[in-house]
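A.B. asks: Okay, here's the structure, questions in a sec.
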Amino acid sequence: MTRPVNASRQTRRLLAALAAKPRAWRHGYELSKETGLTSGTLYPSLMRLCDQGLLESKWGESEGTGRPPRHLYRLTSQGLALAQRSSTESASAPLPGKTRELKA
Amino acid sequence: MKSPLSCCSIARALVDLAARSLPTHRADWAAAMRAELDCVGEGSSAFVWALGCLRTALGERFLAWSLLDVRAIRWALALWLGYQAEDILCDVALVLSYKAPQLGLTALLRRCAQGEDYQRLIPFLDVTTYWTLGAWTLVSGMYLLAVALILRRSSRAANFFILAAALNVALWVRELGEPLYVSAFSLNDHLWDGLLYVGTALLGWICWANRRACSTL
């Protein structure tokens, strides 16, 4: 039996956004706009997901002169599996008001 | 009215501060925040983005800060727990001096209860079981172990600390259900004990939560 996904509503939203384009590398600001999460919520979630091996990150190419390269994110296969479980659970049960994030 | 330029420069300063505040193992994230700010645009959105970055950085900084790494906190905790351990051991010795006079601790009874009529405690001393004394001694031993580990800067101290404090609170709550215990001491004594025990348990919880947060980094 698999354990239920114990993730906050914000993390579920982030997982869903990342899982919508599982092969694509995504920027932080793009994810923020898509999920409606502020940077103060987005970055801690991204950090925890990375720490737990659910998200991979890399540096992109510089987008213009004088512009530093940006960080890119994508779910790992583990992260994708978690996102799929999370979306299944969300569809079958109403979300609790606030649950504790994965180890966060 | 703020000009976009000033908002932008404040945002840049905030993100720089966030980058400096992040713990060293998050250096990549600091660079990522700086780079992302360039794409957020200008004005209030950059400012809000920068504030979020600062909030993240301060949160991470707190999580990376181990309480037991601070010498003053370490010594204060060691002294506090040492005092708690000694206080409990005195209670154990007091009860033993009454219940087991053959141990030769009788003189202690008068000394511990100096200036007060210890005879009023006798009904309570009578009902105090050896099992309770064992539990008190265990709590005291765990506090002393926590003190030793704290002084050795071992983060495992937090486990013994919270365990001992929780057991101490549980024993106190159990004793409150004993009318002879309640009537043996004044309300102020009970309130003071509760404050000490619950306060110590709270400190233990803070140390334990901090240790748990640090160990996930």
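A.B. asks: Filter the range A:37-78 for residues that are in a helix (DSSP H, G or I) and of a type in the set (Ser, Thr, Tyr) and give the result. Reasoning before the result, please.
C.D. replies: The first filter runs over the range A:37-78 and keeps only residues in a helix (DSSP H, G or I), leaving A:39-51, A:77-78.
Answer for the range A:37-78, where residues must be in a helix (DSSP H, G or I) and of a type in the set (Ser, Thr, Tyr): A:Ser39, A:Thr41, A:Tyr43, A:Ser45, A:Ser77.
A.B. asks: Continuing with this model, one more query. Please list, ordered by residue number, the helices (runs of 4 or more DSSP H) wholly in the range B:1-101 having 3 or more residues that are open to solvent by less than 30 Å² (accessible area, probe 1.4 Å) and among the β-branched types (Val, Ile, Thr).
C.D. replies: On the way: elements: B:4-21, B:27-40, B:44-64, B:71-99.
Filter on the range B:1-101 gives B:71-99.
A.B. asks: Kindly provide the set of residues from the range A:48-66 that are within 10 Å of chain B (Cβ to nearest Cβ) and buried (at least 20 other Cβ atoms within 10 Å of the Cβ), ordered by number.
C.D. replies: The answer is none; no residue qualifies.
A.B. asks: Show me the helices (runs of 4 or more DSSP H) entirely contained within the range B:157-217 in which 1 or more residues are in contact (Cβ under 8 Å) with a residue 12 or more places away in the chain and closer than 20 Å to B:Leu144 by Cβ. Show your work before the answer.
C.D. replies: Working: elements: B:157-176, B:179-184, B:187-215.
Qualifying helices (runs of 4 or more DSSP H): B:157-176, B:187-215.
A.B. asks: Have a look at B:Asp193, B:Asp189 and point out the one that is charged (D, E, K, R), closer than 30 Å to B:Pro123 by Cβ, more than 12 Å from the chain's Cα centre (by Cα) and open to solvent by 50 Å² or more (accessible area, probe 1.4 Å). I'd like the intermediate steps shown before the answer.
C.D. replies: Working: B:Asp193 fails: open to solvent by 50 Å² or more (accessible area, probe 1.4 Å).
The conditions single out B:Asp189.
The values are calculated or read from the model by the stated rules, or taken from the named source; none is laboratory data. All figures in this text were calculated on a predicted structure; none of them were measured in a lab. Positions of Cβ are backbone-derived with ideal geometry, glycine not excepted, and every protein chain shown enters the neighbour counts. All accessible areas refer to the heavy atoms of the entire protein, side chains included, with ligands and DNA or RNA removed. Shrake-Rupley method; radii C 1.70, N 1.55, O 1.52, S 1.80 Å.
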